[in-house]
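Values in this text are rule-based calculations from the coordinates and carry no lab data. In this text the structure is predicted, and so the values were computed from the model without any measurement. Counting neighbours? That spans all protein chains shown, and the Cβs are built from the backbone with ideal geometry, glycine included.
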Amino acid sequence: MLVNQTNAQIVLSTITTRRSTKSIAAPGPSADQLDLAFKAASHAPDHAALRVWRFVTISPPHVEVFAELAIAANLRAGQPVTDEKAASIRKWLKNVPLLIGLAYQMHHDHPKVNALEQSLSMGAAVMNLQNSLHAMGFGSFWSTGLGTYTDEVPEALGFDTLDYQFVGFLAVGTVQGELAPALKRPQPSEFVHAWVPNA
């Protein structure tokens, strides 16, 4: 297949300029834009076509209701947040136009696809989702707070923890102000090496 260099540059620019930001507000993506982003998520590597990815959308005014549920769930699970942290969560989510809950269906003891591969597929799907949203001009932030590691929060969102692994939330919206400077990224030579067989 011939590679269109212009398209390749656009894709690479999208990937290399994406970064997480909590500074977001309305408007969030339209239904059509969100549908495109979820379609991109479904193109993640998917051994045996298990289609493990699951997403649940939470929009205002339900975002603030959910925040209270999550704060209370943490307390009941013996993981209380401080008053200061709770206030910070409420202030942040007050402006978030879309939360996406992230989970994957666990296929226990699958003969071909082990638990790690299923987890990696979910991570790839979320990355596709984030890159797609970034390409459309939105910012996002993947959070594993908000009661991710309780049973109550995933179950409140429809994910039985016996069959689904919950992996957090994606907060999505329009970036407010200037993004923080990009983190310094390592050069490929710092984390890539070529293997050669022993003589």
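Some observations on this one:
- Judged by the ratio a/c of the largest to the smallest principal axis of the C-alpha gyration tensor, the range 56-107 counts as oblate, that ratio being 1.5 or greater while a/b is no larger than b/c.
- Neighbourhood charge, 13 Å Cβ-Cβ cut-off, centred on residue 19 and excluding it, Lys, Arg +1 and Asp, Glu -1: +3
- Near residue 168, the amide H atoms lying under 5 Å from its own belong to 102; only residues 5 or more places off or on other chains count, and H is placed 1.01 Å from N.
- Radius 14 Å from Cβ of residue 60, net charge of other residues (Lys, Arg +1; Asp, Glu -1): 0
- Potential lengthening between residue 127 and residue 25 on full extension [0.36 nm per residue; Cα-Cα distance subtracted]: 34.6 nm
- Residue-averaged 222 nm ellipticity for the chain, from DSSP H runs of 4+ at -39500 (n - 2.57), nearest 500: -12000 deg cm²/dmol
- Computed over the chain, the percent of Cα pairs more than 21 Å apart is 60.
- Cα gyration tensor shape of the range 78-178, rounded if a/c is under 1.5, else prolate or oblate by comparing a/b with b/c: oblate
- Nearest-ten-degree value, helix 83-93 long axis tilted from longest Cα axis of the chain: 60
- Length released on extending from residue 83 to residue 12, taking residue separation times 0.36 nm less the Cα-Cα span: 21.4 nm
- Global form of the range 1-95, assessed from the alpha-carbon gyration tensor, a/c cut-off 1.5: prolate
- Within the same chain, aspartates and glutamates fewer than 8 places from residue 22 are excluded, and of the rest, those with a Cα less than 15 Å from its Cα are 178.
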